[in-house]
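Trainee: Pasting a structure below so you can have a look.
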Amino acid sequence: MIPIIELIYLVQVQQLGANPQEFILRHLGIWSLVLLFVSYSTSLVSLYGVKSVMNCRRMFGLFSFFYISCHFLAFIAFEHSFVMRDFVLDVFNRPFVFFGTLAALLTVPLALTSNNLSLRLLRGIWKKIHSLINLIIIFALTHYYFHKSAKNDFFWPVALTILLLLIFFLKKKRFFVKGV
Ligand code: HEM
């Protein structure tokens, strides 16, 4: 909750810099991405010894969904004043909006099935639904690349891609060695 509390505080004391809307969008976007990565790596951290982190897995995922929803709402409010027709046109005009929307839409089935009842009812399908996290992260990173391409600044997107590949291969390695 700290990033959202920090944001509310900064709004209250009017410390959002020269462009408050941009600040809010970026703050929520960054935390959406950070929490996606945290959710994605929980199984790895647990495989390498910190088992208790699995208890927080659902919470990380749902918080990530919360920040993504706030980021999306802020975008619709600031850039399109809730005019959905304009938003839909924007989705097909700007690639970074397209990939962000795709990533955000894919998080909906995960959030809806992040409860014990769905886990019991869906069984095998549940795993398949939640493996969508791979696509979500790829689309979210693509969104980030397109966004940063406007400034020709690829440091963080590249750093996060390397981190993603590292997490991915460590997960695979552990799978082949231990079969878990
Ligand atoms: C999984 C979903 C998403 C993630 C993880 C995400 C993440 C991010 C990140 C990390 C940034 C860059 C912040 C920076 O410049 O440092 C960003 C920027 C932005 N995102 Fe997203 N995003 C997502 C979905 C969306 C959606 C659905 C929209 C709108 C339809 C959107 C609109 C924007 C906009 C407009 C910016 C630029 C803000 C600015 O610089 O003025 N994002 N996002």
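The values are calculated or read from the model by the stated rules, or taken from the named source; none is laboratory data. All figures in this text were calculated on a predicted structure; none of them were measured in a lab. Note: ideal-geometry Cβ built from the backbone for every residue, glycine included; neighbour counts use all protein chains shown.
Trainee: Going through L119, L106, L170 one at a time, which residue ends up being at pLDDT 95 or above and surrounded by 10 or more Cβ atoms within 10 Å (Cβ to Cβ)?
Mentor: L106
Trainee: Right, here's the next one. Within segment 104-124, how many residues are within 12 Å of the ligand (Cβ to nearest atom) and either over 16 Å from L62 (Cβ atoms) or outside any helix (DSSP H, G or I) (or both)?
Mentor: 1
Trainee: Identify the residue in segment 1-31 that is β-branched (V, I, T) and assigned to a helix (DSSP H, G or I) and, among all such residues, is surrounded by the most Cβ atoms within 10 Å (Cβ to Cβ).
Mentor: I24
Trainee: Looking only at segment 41-92, filter to residues that are under 16 Å from the mean Cα position of the chain (by Cα) and polar (S, T, N, Q); which one of those is nearest to N19 (Cα to Cα)?
Mentor: S69
Trainee: Would you say F99 is surrounded by 17 or more Cβ atoms within 10 Å (Cβ to Cβ), more than 30 Å from N55 (Cβ to Cβ) and near the ligand (Cβ under 10 Å from one of its atoms)?
Mentor: The answer is yes for F99.
Trainee: Might you check whether a residue that is away from the ligand (no atom under 11 Å from the Cβ), surrounded by 15 or more Cβ atoms within 10 Å (Cβ to Cβ), under 26 Å from F98 (Cβ atoms) and not hydroxyl-bearing (S, T, Y) occurs anywhere in segment 32-53?
Mentor: Among the residues of segment 32-53, at least one is away from the ligand (no atom under 11 Å from the Cβ), surrounded by 15 or more Cβ atoms within 10 Å (Cβ to Cβ), under 26 Å from F98 (Cβ atoms) and not hydroxyl-bearing (S, T, Y), which makes the answer yes.
Trainee: For segment 126-152, name all the residues that are modelled with pLDDT under 95, among the charged types (D, E, K, R) and within 16 Å of the ligand (Cβ to nearest atom).
Mentor: Passing the criteria: only K151.
Trainee: Could you grab me the full set of residues in segment 114-135 that are farther than 28 Å from Y145 by Cα and touching a Phe, Trp or Tyr at 6+ places or on another chain (Cβ under 6 Å)?
Mentor: The one that is farther than 28 Å from Y145 by Cα and touching a Phe, Trp or Tyr at 6+ places or on another chain (Cβ under 6 Å): L119.
Trainee: On to the next question. List the residue pairs whose Cβ atoms are under 6 Å apart, where the first residue sits in segment 163-180 and is under 17 Å from S131 (Cα atoms), the second is surrounded by 11 or more Cβ atoms within 10 Å (Cβ to Cβ) and modelled with pLDDT of 90 or more, and the two are 6 or more positions apart or on different chains.
Mentor: What qualifies is I167/S41.
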